[in-house]
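A.B. asks: Before anything else, here's the structure in question.
Just so you know, all these numbers are worked out from the coordinates, no wet-lab data involved. Because the structure is a prediction, the values reported are computed rather than measured. Glycine gets a Cβ as well: all are built from the backbone with ideal geometry, and neighbour counts include every protein chain shown.
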Amino acid sequence: MATGKISLSFLMMFVLSVVSYSAEKSVIYHIRLDSEINALAQKTVVMGLQKANEANADYIILDLDTYGGAVDAADSIRSAILRCNIPVIAFVNMQAASAGALISIACDSIYMKTGSSIGAATVVGPAGNVMPDKYQSFMRGMMRSTAEANGRDPHIAESMVDTAHVLSMTPKEAIEAGYCEGICESVREVAEKVSGNNYQIVNMKLSGSEKFVMFMMNPVLQAIFLIMIIGGIYIEFKTPGIGIPIGVAILGAILYFSPLYIQSLAQNWEILLFIIGLLLIAMELFVIPGFGICGISGITAVVVSLTFAAVDNNLVFSGDGNFNAMAVVKPFGLVIISAFVAISGSVWLVHKLYPTKTFDYVALRQSINEKEGFVGVKTGMDHLVGRTATVYNDLKPAGKVMLDGKIFEATLTFGYASKGEEVKVVRAEQGRLYCEK
């Protein structure tokens with residue numbers, strides 16, 4: 001009987017020790033970053049930090065092997081790491097060059113693999129050429145402030161951007177400089193260094209929906225969506241009636257804003273600003289003659305909304321009230337280039353398709369004539385039909401033309417005509433001349 005009680009006591013103690021051991025395990029969240037530092041890498045790391053917080057992780061290991069990439073994406077990752085409440089450990093799993101060095105320095109501690117290196121953060125252009133000093137100065141400032149935030153020597157961080165004698169460090173050199181806490185050969189070894197033997201590694205995994213959202217945020221796809229938005233709007237405003245182009249623009253807007261909104265990049269005010277911009281452009285085209293403050297304000301609102309929807313507002317508007325222009329340069333450039341491609345392509349497409357029946361499947365083409373029961377009111381201007389008039393102010397499609405020294409209300413049957421262009425009068429109804437180019 002006594003032996004049974006002793007056995008039961010030992011069994012209970014064993015179970016309690018196992019439960020206690022399991023409960024005290026440190027949760028270590030593992031994020032792998034082994035690609036170019038770009039918008040997708042930035043979104044992956046930011047999402048990983050959020051998931052680590054949701055998993056109540058004790059530590060985050062950022063497993064790095066990168067030769068660098070875009071400064072704006074690296075700055076976004078750096079800022080997210082500095083704001084993170086969970087200790088972030090960088091494991092330089094071979095390379096942390098350029099933007100990768102900036103990200104590593106932002107982490108609370110750094111461990112490096114044998115044969116790895118960190119540094120070489122000089123800013124270079126797409127062709128590999130060294131950028132002007134103002135870019136280097138910006139990068140040096142970020143490197144210094146990031147090093148200071150984690151108690152590291154800012155002068156060493158700054159020397160990594162030096163264009164004359166750029167600094168890269170081996171693990172031993174980094175340890176001597178106070179930039180590396182130790183040499184490890186694997187993520188598990190890093191986990192043991194920071195939490196002992198009682199830990200649990202949770203690898204970052206994306207769900208199917210998250211992978212789809214990340215795929216939709218690919219810069220190439222985002223450019224295509226922008227072209228759909230701008231091209232669809234342009235063709236719709238240039239053609240009578242309502243057709244497929246406006247549907248393409250709406251679809252493009254949904255595809256562009258939806259993943260950005262899900263990732264908390266696009267804010268409500270940016271979507272509202274986009275809608276307001278479209279309304280202002282529509283007023284300028286169809287209500288107010290000429291092109292003035294409404295049109296300029298509308299275009300500005302659309303460009304600003306599309307640009308700011310693609311960036312993290314925390315990076316643009318910092319807590320000290322400073323405006324970080326670098327964070328918006330790349331999205332702004334993408335919007336402008338996409339607009340140029342969209343408008344150029346739309347002009348070519350409209351001129352190519354309009355004379356053919358194919359255009360009837362793209363946009364509605366209205367024709368009001370007597371055979372269909374429409375009867376125009378005679379105005380005594382029939383003698384002007386067939387004459388050539390000069391555009392007095394832009395026809396978009398409505399405006400004014402000058403003929404024989406007199407100004408007439410006019411409407412262009414298709415497209416757009418600038419001031420000074422010549423148009424042909426094709427009919428006159430209700431005190432208005434209808435013209436063609």
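A.B. asks: If you average the C-alpha positions of the range 196-217 and of the range 95-159 separately, how far apart do those two centres end up, in angstrom?
C.D. replies: 27 Å
A.B. asks: Suppose every Lys and Arg Cβ carries +1 and every Asp and Glu Cβ carries -1, with no other charges. What dipole size does the range 19-205 come out with about its Cα centre, to the nearest 20 debye?
C.D. replies: 340 debye
A.B. asks: Here is a further query. What FRET efficiency comes out for Ile201 versus Glu148 if R0 is 41 angstrom and r is the Cβ-Cβ distance? Round to the nearest 0.05.
C.D. replies: The formula returns an efficiency of 0.85 here.
A.B. asks: Please order Tyr59, Tyr199 by the number of other Cβ within 10 Å, starting at the fewest.
C.D. replies: Tyr199, Tyr59
A.B. asks: So, by mean Cβ neighbours within 10 angstrom, what's the order for 94-103, 246-255 with the highest one leading?
C.D. replies: The most tightly packed comes first, giving 94-103, 246-255.
A.B. asks: With unit charges on the beta carbon (Lys/Arg positive, Asp/Glu negative), name the residue among Gln136, Ala121, Leu62 whose Cα is farthest towards the positive pole of the charge dipole of the range 47-204.
C.D. replies: The one lying farthest along the dipole's positive direction is Gln136.
A.B. asks: Another question, if that's okay. What length, rounded to one decimal in nm, is gained on full extension from Lys193 through to Thr300, with 0.36 nm per residue of separation minus their alpha-carbon distance?
C.D. replies: Answer, rounded to one decimal: 33.2 nm.
A.B. asks: Quick one: if the Förster radius is 30 Å, what FRET efficiency do His155 and Glu36 give, using the C-beta to C-beta distance and rounding to 0.05?
C.D. replies: Approximately 0.60, to the nearest 0.05.
A.B. asks: Sticking with this structure for a sec: For Ile244 and Ala398, compute 0.36 nm times the residue count separating them, minus their Cα-Cα distance, and round to one decimal in nm.
C.D. replies: Stretched fully, the Ile244-Ala398 segment lengthens by 53.2 nm.
A.B. asks: State, to one decimal in nm, how far the label point of Val130 lies from the label point of Gln430, with both points 7 Å from Cα in the Cβ direction.
C.D. replies: It is 6.9 nm.
A.B. asks: Using a Förster radius of 30 Å, what is the FRET efficiency between Lys25 and Arg83 based on their Cβ-Cβ separation? Nearest 0.05, please.
C.D. replies: 0.70
A.B. asks: Also, I was wondering about something else. Which cross-chain or sequence-distant (5 or more) residues have an amide H under 5 Å from the amide H of Tyr199, H modelled 1.01 Å from N in plane?
C.D. replies: It is Ser26, by chain and number.
A.B. asks: Here is a further query. I need the phi-derived Karplus couplings for the range 344-351: 6.51 cos²θ - 1.76 cosθ + 1.60, θ = phi - 60°, integer Hz, Gly and Pro marked x.
C.D. replies: 4, x, 5, 4, 5, 5, 5, 5
A.B. asks: List the aspartates and glutamates whose Cα sits under 18 Å from the Cα of Lys330, skipping any in the same chain fewer than 8 residues away.
C.D. replies: Lys330 reaches Glu36, Asp72, Asp75, Glu270, Asp312.
A.B. asks: On a 27 Å Cα-Cα criterion, which of the cross-link pairs Lys396/Lys424; Lys134/Lys172; Lys352/Lys424 come out too long?
C.D. replies: Lys134/Lys172
A.B. asks: Something else: Just to be sure I understand the model, the point goes 7 Å from the Cα along the line to the Cβ. What's the resulting Ile293 to Lys211 distance in nm?
C.D. replies: It is 5.3 nm.
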